[in-house]
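Undergrad: One structure, as structure tokens, below. Some questions next.
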Amino acid sequence: MKVLILGADGYLGWPTCMYFSNRGHEVTAVDNYFRRSAATSLDSEPLIPTPNLLQRAKVWEDISGKKINVRIGDITDYAFLLPVFKETRPDTVIHYAEQPSAPYSMISRDKAAFTIQNNLTGTLNIAYAVKETNPDCHIIKLGTMGEYGTPEIDIEEGWLEIEHKGRKDKFLFPRQAGSVYHTSKIQDTDLLWFYVRTWGIRVTDLMQGPVYGLSTGETDKDERLLPNLHYDEIFGTLINRFIVQAVAGYPLTVYGKGGQTRGYLNIRDTMQCVYLSGEQPAKKGELRIFNQVTETFSVNQIAEKVKRIGDKLGCNVNVQTIENPRVEKEEHYYNPKYTGLMELGLKPHHLTDEALEGMFKVAAKYKENINRDAIFRGVKWR
Ligand SMILES: NC(=O)c1ccc[n+]([C@@H]2O[C@H](COP(=O)([O-])OP(=O)(O)OC[C@H]3O[C@@H](n4cnc5c(N)ncnc54)[C@H](O)[C@@H]3O)[C@@H](O)[C@H]2O)c1
């Protein structure tokens, strides 16, 4: 496969580049370093310093003998993106290139506007570039489980059959996001669904839960190949954050009652899910949706696991309940379905004690880099 990976310098993008490259595919990696510059301007640097994308690709080539082509540019700039499609002629495009943080989208009007403009224009440009250069190209788009919110009914995989006044039809599952970022992901899905219906393109939309971990096989080959690990409130995901907080001796910050339940997955499983979706593409004129999680936990359950392992490793972990800066249900029903990716062949890696211990080890190694001021800022939803 010729694979174009957009957002290739990110937490998930860089390991995905190596995952496909290692399996013999021709990879082109695109990024505009938005996340690096946003992290610098918010003083939220990742725990482990990472070489830039060109340097990472060089390290990978030295180690593996395999080349990853790099293009630095902004996918919202169609004059940049279209030639990339024309020159690389991808069979598959993997779209990670978005502003991925809910708190970032809630900091100010400008950051909300940036999130909507960046995420939607990028998705629009990809749909156009595919139509103009190769309508057969399969778009794999990262959505989020946050699109569904926390409804009182089971969450199906993307679609819901509805019977109304004796007639039936199938619709996108009702969505009600909890931040501007998550709302932009709903709008992405709607935009792609429109172009699937109108132009007959093929799209897989992966409704992913918060990802944790650093190890994918490829990332273990050299420290310089590790993904960026954010532990701050803006860019860090919950499990990664709590582990670094535990190592830093900073209490685990549980928002409100801590009953907020979400579906999580190991970064190894993100690699598998995206790869399996690439190998077994959506049909022409199909918007295929999978719920990309492997198990569900409440915030309290995660805090309890991190505390137990942290204490065992001598970290003496405290858990602190703080006023919830977000607007969200703190106790609720949550029962998502997630069988589609397993049917494609996903073999889940669960949140075991060993997995947590492995992450503690890496965090402890880089303990000196932890900036305690970045951990919690309390970005308020209102
Ligand atoms: N990490 C998670 O837990 C998680 C969970 C659910 C969904 N997702 C989705 O997965 C995708 C990747 O997330 P991530 O955690 O790797 O985020 P990330 O911020 O680490 O990576 C995204 C990358 O895209 C780049 N980018 C953003 N806008 C761009 C643009 N206009 N042009 C070119 N590059 C651009 C950024 O510089 C960054 O390197 C996002 O779409 C996110 O919404 C992530």
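Undergrad: So who's got an amide H within less than 5 Å of the one on Val319, skipping anything under 5 residues away but keeping other chains? H placed 1.01 Å off N, in plane.
TA: Excluding prolines and chain starts, which carry no amide H, the hits are Leu252.
Undergrad: Rank Lys307, Lys165, Lys284 by mean-square fluctuation in a GNM of the chain with C-alpha springs under 10 angstrom and give only the top-ranked residue.
TA: Its mean-square fluctuation being the largest, the pick is Lys165.
Undergrad: If you count the DSSP beta bridges with both ends in the range 82-170, what percent of them are antiparallel, to the nearest 5?
TA: 50 percent
Undergrad: Still on this structure: Non-local amide H neighbours of Ile289 (under 5 Å, H modeled in plane, Pro and chain starts lacking H): which ones?
TA: Hits under the 5 Å cutoff: Asp205.
Undergrad: Choose one of Tyr333, Ala8, Ser44: the residue whose Cα lies farthest towards the positive end of the charge dipole of the range 2-375 (beta-carbon charges +1 Lys, Arg; -1 Asp, Glu; about the Cα centre).
TA: Farthest towards the positive end: Ala8.
Undergrad: Of Thr198, Ile239, Thr183, which is farthest towards the positive pole of the range 165-258's charge dipole, taken about the Cα centre with +1 and -1 on the beta-carbons of Lys, Arg and Asp, Glu respectively?
TA: Final value for the positive-end residue is Thr198.
Undergrad: Count the DSSP beta bridges whose two residues both fall in the chain, then state the antiparallel fraction as a percent rounded to the nearest 5.
TA: The antiparallel proportion sits near 20 percent.
Undergrad: Ignoring everything except DSSP H segments at least 4 long, calculate the 222 nm mean residue ellipticity for the chain; use -39,500 (n - 2.57) per segment, divide by total residues, nearest 500. Don't jump to the answer; show the numbers that get you there.
TA: Numbers: 13 runs with 150 residues, N = 382.
For the chain, the value works out to -12000 deg cm²/dmol.
Undergrad: Measure off 7 Å from each Cα along the Cα-to-Cβ vector at Arg372 and Glu304, then give the distance between these two points in nanometres to one decimal.
TA: Result for the modelled spin labels: 2.9 nm.
Undergrad: Further question: Please arrange Phe80, Phe194 by accessible surface area, largest first, computed with a 1.4 Å probe and ligands excluded.
TA: Final ranking, largest accessible area leading: Phe194, Phe80.
Undergrad: Another question about this same structure. What is the percent carbon and sulfur in the accessible area of the range 145-199, measuring with a 1.4 Å probe over the protein chains and ignoring ligands?
TA: That share works out to 50 percent.
Undergrad: For the range 2-375, what does the accessible surface come to per residue with a 1.4 Å probe? Please give it in Å².
TA: 40 Å²
Undergrad: Of the cross-linked pairs Lys257/Lys305; Lys86/Lys131; Lys111/Lys185; Lys312/Lys347, which ones have a Cα-Cα span greater than 21 Å in the structure shown?
TA: Checking Cα-Cα distances, Lys312/Lys347 exceed 21 Å.
Undergrad: What are the aspartates and glutamates whose alpha-carbon lies under 19 Å from the alpha-carbon of Lys337, with same-chain residues fewer than 8 places away excluded?
TA: Glu147, Glu152, Asp154, Glu156, Glu157, Glu161, Asp205, Asp269, Glu295
Undergrad: Here's another thing I want to ask about it. How large is log10 of I(q)/I(0) for the range 298-360 at q = 0.13, 0.17, 0.29 Å⁻¹ when the intensity is taken from the Debye formula with one equal scatterer per alpha-carbon?
TA: At q = 0.13, 0.17, 0.29 Å⁻¹ the computed log10 ratios are -0.58, -0.87, -1.18.
Undergrad: Between Lys347 and Ala79, what FRET efficiency comes out of the Förster formula 1/(1 + (r/R0)^6) with R0 = 56 Å and r the beta carbon distance, rounded to 0.05?
TA: Rounded to the nearest 0.05, the efficiency is 0.85.
Undergrad: Could you list which residues have their amide H under 5 Å from that of His138, counting only those 5 or more apart in sequence or on another chain, with H placed in the peptide plane?
TA: Long-range HN contacts for His138: Thr92, Val93.
Undergrad: Can you tell which of Ser277, Ser37, Ser101 shows the greatest fluctuation in a Gaussian network model of the chain with Cα springs below 10 Å?
TA: Top of the fluctuation ranking is Ser37.
The values are calculated or read from the model by the stated rules, or taken from the named source; none is laboratory data. Note that the structure is predicted; figures quoted are calculated from it, not measured. Note: ideal-geometry Cβ built from the backbone for every residue, glycine included; neighbour counts use all protein chains shown. These accessible areas exclude ligands, DNA and RNA; they are computed on the full protein's heavy atoms, side chains included. Shrake-Rupley method; radii C 1.70, N 1.55, O 1.52, S 1.80 Å.
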